[in-house]
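In what follows, a structure is listed as structure tokens, so that the remarks can point back to it.
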Amino acid sequence: MLSSNNRDVLFMQKAIDQARRSLKNREVPVGAIIVKNNRIVAKAYNRIESENDATAHAEILAIRKAGRKTNNWRLLDSILYVTVEPCAMCLTAIYLSRIGKVVFGCASSNKMYTYVSFKKPEIVQIPDKIIQEKCSKLMKNFFKEARVHGN
């Protein structure tokens, strides 16, 4: 059986794979995986640009998929793995869907979530420095490229 840290690294790598898929559509590279009982129940990546939908964040899309797959909007005992620390909107959806734990890859520069005033689930940054760096590099490279092309 995998240790908690090794399991987190394995699932975070799957979230990174999702984030990389978003790059093909010129989306901000954020990927999310929802796991229950050590099984992936949903995976998603940002689709804001391709769907012209400001709410099409990876976390929201994964929550929607997980609810449909489990036939239950309450995602109790689930863990959300996401490559970037969730924003206020996504944190609210995480709270409402009853996800118990969030593991994120790199910190967000958008700190609006600090104004959310409900009891938050356990939210931890993955301790693996290599995974943190992969998530951070994905974001930095995307925005560097976007600035070059004037987006």
Could you line up Tyr95, Tyr45 from fewest to most neighbouring Cβ atoms inside 10 Å? Tyr95, Tyr45
Using only the Cα atoms of segment 1-80, build the gyration tensor, take square roots of its eigenvalues as a ≥ b ≥ c, and label the shape rounded, prolate or oblate: rounded if a/c is under 1.5, else prolate if a/b is larger than b/c, else oblate. oblate
Check which residues have an amide H placed less than 5 Å from Cys106's amide H, if you skip close sequence neighbours. Val84, Glu85
Using the Cα centre of the chain as the reference point, and only Cβ charges (+1 on K/R, -1 on D/E), how large is the resulting charge dipole? Debye, rounded to the nearest 20. 260 debye
By counting other Cβ atoms within 10 Å of each Cβ, how are Thr55, Thr70 ranked from fewest to most? Thr55, Thr70
Within the set Lys36/Lys144; Lys43/Lys101; Lys69/Lys129, which residue pairs have Cα atoms separated by over 24 Å? Lys36/Lys144; Lys69/Lys129
At a Förster distance of 30 Å, what's the computed FRET efficiency of Asp77 paired with Arg147, Cβ-Cβ distance as r, to 0.05? 0.15
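Computed from the coordinates by the stated procedures, all read-outs in this text should not be read as laboratory data. Note that the coordinates shown come from a computational prediction; the quantities given were computed from them, not determined experimentally. All Cβ positions, glycine included, derive from the backbone under ideal geometry; neighbour counts span all protein chains shown.
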